[in-house]
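The structure appears right after this line, and notes come after that.
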Amino acid sequence: LCCEKMPHSPIILTNESKIVKEIHLSGLNLSDIPQEVYDFSYLEALYIDNNNIRSISPKIADLKNLRILNAANNNIKYVPKEILKLKSLHILNLANNDLKELPGNMHSFRELRELRVENNKLTDIDLDLKRNQVLCRLFVHGNQLDTEKFSNDMGILKG
């Protein structure tokens, strides 16, 4: 499902088919995720990048089949702990936002293969690579991480 925002018109999403797998709302100057998005229970990919979104609703947990969440290039300051309920999530892109922290227990994402949190204001990430065997791409540059502590916590060996 793609959506274009016409000048001075609201975004209207309907769930008539109930089998929508992707929604693309990139670059529409949105300040919030439309509430109707959370009605798409079969949704596998949500692209809300390049907007002005400040937070993600706890209702994100309603999207139990979500595999890809691209929320890069927004003004997100807060990610709710309910995001951890997305057990099928493979790619989480929160790059280039205003995040100071992520929910604890990020290792509970058992299927997460790619985590992008670069260029935020993070000082720590609660992610245990020993518990998450499938994570193969991790982007953390451009944050305020204590690299030595972070490397030790992540189990990253330094040469």
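Does the stretch 25-135 classify as rounded, prolate or oblate by the C-alpha gyration tensor (a ≥ b ≥ c root eigenvalues; a/c under 1.5 gives rounded; else a/b over b/c gives prolate, otherwise oblate)? Oblate shape, in that a/c is at least 1.5 and b/c is the bigger or equal ratio. Between Ser26 and Val134, the FRET efficiency estimated from the beta carbon spacing at R0 = 22 angstrom works out to 0.25. The simple Förster model, with R0 at 41 Å and r as the Cβ-Cβ distance, assigns Tyr42 and Thr123 a FRET efficiency of 0.65.
Taking all protein chains together, Lys77, Lys121 sort by accessible area into Lys77, Lys121, largest first [probe 1.4 Å].
The values are calculated or read from the model by the stated rules, or taken from the named source; none is laboratory data. Note that the structure is a prediction, hence the values are computed from the model and not measured. Every residue, glycine among them, receives a Cβ derived from its backbone with ideal geometry; neighbour counts consider all protein chains shown. Note: accessible area is taken over every heavy atom of the protein model, side chains too, but ligands, DNA and RNA are not part of it. Shrake-Rupley method; radii C 1.70, N 1.55, O 1.52, S 1.80 Å.
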